[in-house]
Structure formats: C-alpha cells, structure tokens
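Heads up: the structure comes next, in structure tokens.
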Amino acid sequence: MRTHFDVFGLPRAYDVDVPALEKQYRELSLQLHPDRVAQADARERLKALEGTTALNEAFKTLKDPVRRAFYLLKLHGIDLDREDAGAQKDMPLEFLEEVMELREALDTAMEKKDLPRARAMATDVEARRKAALGEAAGALRALEGGGPGADGQALVKKASHALGRVRYFTRFLEQVDAFEEESLS
C-alpha cells in the first residue's frame, strides 16, 4: 500500500521538514496538474486527477502534526477516526472520569454564562492537549525509530492513549470556542 510518505518520497516518521514538504508539494502539483493532460485520453486525465487528489490528501495530512500523528498510528493498525475504535474503549478509567468532571464543570460555566471560567478551563486544557501530543510524538518517534528494546505494542498503546486524550481535549476546546462565539454574538 502506498502511504502519504511514499507520495513525497519521505521516510515514515513523525518529524517532517514542513517548509521542504511545502516546496515539494508545489513542484509535484505543477507536474501532476490535470491541465497538463487536458488533451490526453480519459484514462490519462483520470490518472492525473487521482494523482492530484492523493497529493493533496498526503500534503494536508503530513503538514499538520496532529493529523500526521493520527495517520502514523493508523499505519500501525489503530484508526482513532473510526467510531468503533477499540482504543476509545481502552482509555484509562481515571482519564474518562476526569473528562466527565471537566465536561460537567464546562456545562456549569455555560449555564451560568461564565465565559472567563470557560476560558480559564480552555487554557488549562490546551496545555494538557499540547502535553498529550508531545507524549504521542515521543512514542511515535520511538516506534518509527525501532531502536533496541523498543516494545512496539507498548509504544502503539502509549501513542493511542495520548492521541485519544488529544481528541477529547480538542473536542472540549471546540465546545469552549462555540460557547465564546455564542456569548459574543
């Protein structure tokens, strides 16, 4: 199976040189652009369109550190974008309890129209989101590096738990953003 990394001829890794990726994307976009084969037969035009679509999807995924992390985890067999993802059910109970408490506190702040409280919670959650992404990145680096004694299963589990937290925290922050927009309008 051809990966997004293969599209750009990159090694599979969490760390990507984004400016170099952007430059290569522009060059490949020009090469693959469907207008270059406008006079060709239908099969060639379709191939160009598919190539451009794959290039755009690969670029969108690899330039964003969060999407890149979720994608790498997916390459290791854990797709957190699926609703039935086992990793969701596999989250530590204490974290799920903590999320419920956070949600209840946010609901209370929203009921009381307490925007400063919601913003303060968002600041805290954003820091925790960054820490969780850092933890996932570390596990993915170790997983892709595959150094001596690297326990693949443990690293996949660590990355999936960290990215599960990133997902929960992102949803929380989106809810605060929506509350803030509603409060200001």
>> Accessible area per residue for the chain in Å², computed with a 1.4 Å probe and the full protein assembly in place, what is it?
In response: 61 Å²
>> Need one value: the accessible area of Thr170 in square angstrom, 1.4 angstrom probe, rounded to the nearest 10.
In response: 40 Å²
> At a 1.4 Å probe, what is the % contribution of carbon and sulfur to the accessible area of the chain?
Replying inline: 52 percent
> Rounded if a/c is under 1.5, else prolate if a/b is larger than b/c, else oblate: which is the range 86-184, with a ≥ b ≥ c the root eigenvalues of its Cα gyration tensor?
Replying inline: prolate
> Under a plain spin-label model, where a point goes 7 Å from the Cα along Cα-to-Cβ, how far apart in nm are Thr123 and His76?
Replying inline: 3.4 nm
>> Using the basic label-point model (7 angstrom from Cα toward the beta carbon), what is the Glu104 to Val66 distance in nanometres?
In response: 2.6 nm
> Could you give the angle, 0 to 90 degrees to the nearest 10, between helix 65-75's Cα long axis and the longest principal axis of the Cα atoms of the chain?
Replying inline: 70 degrees
> So which lysines can Lys158 reach, going by Cα to Cα under 19 Å and dropping same-chain residues fewer than 8 places off?
Replying inline: Lys74, Lys89, Lys130
>> Just to be sure I understand: with springs between alpha-carbon atoms less than 10 Å apart, which residue in Val18, Val166, Val37 has the highest mean-square fluctuation in the Gaussian network model of the chain?
In response: Val37
> Working out 0.36 nm times the residue gap between Ala154 and Asp35, then minus their Cα-Cα distance, what length gain in nm do you get to one decimal?
Replying inline: 38.1 nm
> What is the mean projected area of the alpha carbon convex hull for the range 4-63, to one decimal in square nanometres?
Replying inline: 3.8 nm²
>> Projecting each Cα onto the charge dipole of the range 86-184 (Lys/Arg +1, Asp/Glu -1 at the beta carbon, about the Cα centre), which of Leu96, Leu115, Ala139 comes out farthest on the positive side?
In response: Ala139
> For the range 108-121, in order, what is each residue's ³J(HN,Hα) by Karplus, 6.51 cos²θ - 1.76 cosθ + 1.60 with θ = phi - 60°, in whole Hz (x at glycine and Pro)?
Replying inline: 4, 4, 5, 4, 7, 6, 8, 5, x, 5, 5, 5, 5, 5
> Once you charge only the Cβ atoms, +1 for Lys and Arg and -1 for Asp and Glu, what is the size of the charge dipole of the chain about its Cα centre, to the nearest 20 debye?
Replying inline: 620 debye
>> Using protein chains only and a probe of 1.4 angstrom, how many square angstrom of Asp151 are accessible, to the nearest 10?
In response: 90 Å²
>> Explain nothing, just compute: Karplus ³J(HN,Hα) = 6.51 cos²θ - 1.76 cosθ + 1.60, θ = phi - 60°, for every residue of the range 13-25 in order, whole Hz, x for Gly and Pro.
In response: 7, 6, 7, 10, 7, 5, x, 5, 4, 4, 5, 5, 4
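The values are calculated or read from the model by the stated rules, or taken from the named source; none is laboratory data. Since the model is a prediction, treat every value here as computed from it, not as a measurement. For neighbour counting, all protein chains shown are included, and Cβ atoms are generated from backbone atoms with ideal geometry for every residue, glycine included. When the accessible area is computed, the model is the full protein with side chains, heavy atoms only, and any ligands, DNA or RNA have been set aside. Shrake-Rupley method; radii C 1.70, N 1.55, O 1.52, S 1.80 Å.
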